[in-house]
Amino acid sequence: MKSNKSFFSVAVMLLLSVAIVSVGFTKAEVFDSGTAAKLAANYVPYGSTLENSESDKEQYHITFTKKDGAQNLSYNVAIDKAHQAVRSVKTTYHNNPYSRNVILGKSDIRQLIQRNTPDAVIHTLSLESVNGLSYYKVVYDTSTTSCELKLNTETGNTIEKISTYAGIAPYKR
């Protein structure tokens, strides 16, 4: 009788262990490109269209596009595989070209950055040129992000923005 009780106890414990382990495995989600794309969608505007998903050894690279009025935008989101978190977002404004004329000065650009991002600490502000076309390159930090901007020298409109997130928070399932 005593051996039946101990056998029964062991059998119940074994069944409970199997049940606990199987529930744990069914709830665990594999961090694959589909899961990475869902995470990346949180960093782009609602209504953006998933265009492409690529992977290398360390990151997923997820590309979205969005037509916003007359503006065509693309978003490239880099997701760190090890941390399962967004590392950076590169936004390209395809309808904001580089400029032939420099109308805005560096002080105008500084004011524009400070007005739009009051906690920005500007590290670099330089006038750059490619094939006779100009843009301002601005590098700044906030408490959560490092940003690199390319701005139109006539209008101050963003041509390209790369946001890199310093403190990577893990993906929450």
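Values quoted throughout were computed directly from the atomic coordinates according to the rules given, and no laboratory measurement underlies them. Everything numeric here is computed off the predicted structure, so don't read it as measured data. All Cβ positions, even for glycine, are placed from backbone atoms using ideal geometry, and neighbour counts span all protein chains on display.
Going by average Cβ density within 10 Å per residue, which order do the peptides 102-108, 59-65 take, highest to lowest?
So the peptides 102-108, 59-65, ranked by packing, come out 59-65, 102-108.
Can you pull the one-decimal nm distance between simple spin-label points at Arg115 and Ser129, each 7 Å off the Cα toward Cβ?
That separation, rounded to one decimal, is 2.8 nm.
Taking 19 Å as the cut-off for C-alpha to C-alpha distance, list the pairs among Lys67/Lys106; Lys67/Lys137; Lys57/Lys150; Lys67/Lys90; Lys66/Lys161; Lys90/Lys137 that go past it.
Cα-Cα > 19 Å for Lys67/Lys106; Lys67/Lys137; Lys57/Lys150; rest within.
What dipole magnitude, in Debye to the nearest 20, does segment 31-93 give about its Cα centre under +1 on Lys/Arg Cβ and -1 on Asp/Glu Cβ? Mind dumping the intermediate values first?
Values: 7 positive and 7 negative charges, 29 e Å.
So the magnitude is around 140 debye.
Taking N as the number of residues in segment 87-173, what is its Cα Rg relative to 2.2 N^0.38 Å?
1.16
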